[in-house]
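Here it is, the structure, as structure tokens.
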Amino acid sequence: MVPIQKRLGAEFLGTFWLVLGGCGSAVLAAAYPHLGIGFLGVALAFGLTVLTMAFAIGHISGCHLNPAVTIGLWAGGRFSAKDILPYIAAQVLGAIAGAGILYIIASGKAGFDTAGGFASNGYAEHSPGGYSLIACLVTEIVMTFMFLMIILGATDKLSAQNFAPIAIGLGLTLIHLISIPVTNTSVNPARSTGVAIYAGGWAIAQLWLFWVAPVIGASIGGIVYRALAIKNE
């Protein structure tokens, strides 16, 4: 077993990279004049951050990078309850640090303003497509549920575990392709918290949904996969 300090350090670093890479692509590159990467590019960036970190730190901490994933893995019988809070703390701090570096970079451009949301997640008038609170709640629950099913299935002992980072990274890319127009895609309370702290205002006021919905979805995912999984007797 890897010492907890090393695992927490890996979770901090991995979540730092997820926010800097994923949210950074949205803030810095999504609408860049003539060369903007758009929704497709942002979706791919989030998937790549998880894929690269899964290979880099998966053997150290499991590469959760996400409080909902940590809780979902516990619900699925893959993670110890005693390590849940330390993991979540490391993930949130890593997200805040990643958003902080992004803020320093983004604010170096004339006219920068967080009024646009700074890649924050939102519902109703702050949904990119104007989707209702209920639509956003359902989206985040279902997307996080499916994310946990992918993670648990790809990392199952009976699965091709060496390819798990690819499946998980592509899964997150697909989730973003579906849900960026709805919520700007969270499925990750740490990612949502990191940028919301710098955006302030409505982003903080709406942050509750992006904790509640992913945790519900992940918990259901863990329970369902545990019920479906083939026991390796």
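7 Å from Cα along Cα→Cβ at both GLU125 and ILE230: what's the point-to-point distance in nm?
So the two model labels end up 5.3 nm from each other.
For the range 1-140, state the semi-axes of the equivalent ellipsoid (square roots of 5 times the eigenvalues of the alpha-carbon gyration tensor), sorted largest first and rounded to whole angstrom. Intermediate results must be reported in sequence, preceding the final value.
Values: eigenvalues 165, 71, 36 Å².
With the √(5λ) rule applied to the range 1-140, the semi-axes are 29, 19, 13 Å.
By the gyration tensor of its Cα atoms, with a ≥ b ≥ c the square roots of the eigenvalues, what is the shape of the range 184-233: rounded for a/c under 1.5, prolate for a/b over b/c, or oblate? Please list the in-between numbers first.
Numbers: a/c = 5.18, a/b = 3.46, b/c = 1.50.
The shape class here is prolate.
Carbon and sulfur atoms: what percent of the 1.4 Å accessible area of the chain do they account for? Walk me through the numbers before you get to the answer.
On the way: 7460 of 10520 Å².
Solvent-exposed carbon and sulfur of the chain make up 71 percent of the total.
In whole angstrom, note down how far apart the Cα centers of the range 1-62 and the range 154-188 are.
12
What's the lysine pair count for the chain at a Cα cut-off below 28 Å, pairs eight or more apart or interchain?
Values: LYS6/LYS82; LYS6/LYS157; LYS82/LYS157; LYS82/LYS231; LYS157/LYS231.
Here the count comes out as 5.
Just going by the charge dipole of the chain, with Lys and Arg at +1 and Asp and Glu at -1 on Cβ, which of ALA30, MET53, VAL19 is farthest out on the positive end?
MET53
Helix-only estimate, please: 222 nm mean residue ellipticity of the chain, summing -39500 (n - 2.57) across DSSP H runs of length 4 or more and dividing by its residues, to the nearest 500.
Details: 9 runs with 148 residues, N = 233.
That calculation yields -21000 deg cm²/dmol at 222 nm.
Right, another one. Can you give me the distance in nm between label points at SER107 and ALA29, each placed 7 Å from the Cα along the Cα-to-Cβ direction?
In this crude label model, SER107 to ALA29 measures out at 2.4 nm.
Give the accessible surface of the chain per residue, rounded to a whole number of Å², with probe radius 1.4 Å and ligands, DNA and RNA excluded. Each step should come with its number before you reach the end.
Working: 10520 Å² over 233 residues.
Here the per-residue accessible area is 45 Å².
GNM on the chain, C-alpha springs below 10 Å: top fluctuator among LEU137, LEU40, LEU170?
For the chain, modelled as a Gaussian network with Cα springs under 10 Å, the answer is LEU40.
Taking the range 51-100, how much of its Cα-Cα pair set, in percent, is spaced more than 15 angstrom apart? Each step should come with its number before you reach the end.
Values: 585 of 1225 pairs.
Here the tail beyond 15 Å accounts for 48 percent of pairs.
Further question: How long is the range 22-90 along each principal axis, judged by its Cα atoms, biggest number first, in Å?
For the range 22-90, the Cα extents along the three principal axes come out at 49, 20, 19 Å.
Mind checking the alpha-carbon convex hull of the range 103-192 and giving the volume per residue in Å³? Don't skip to the end; give the middle numbers.
On the way: hull volume 10.1 nm³, N = 90.
Value for the range 103-192: 113 Å³ per residue.
The values are calculated or read from the model by the stated rules, or taken from the named source; none is laboratory data. Only a predicted model underlies this, so the values are computations on that prediction, with no experimental measurement involved. Here the Cβ is made from the backbone with ideal geometry for all residues, glycine too, and neighbour counts use every protein chain on show. Just so you know, the surface numbers come from the protein's heavy atoms only, side chains and all, with ligands and any DNA or RNA stripped out. Shrake-Rupley method; radii C 1.70, N 1.55, O 1.52, S 1.80 Å.
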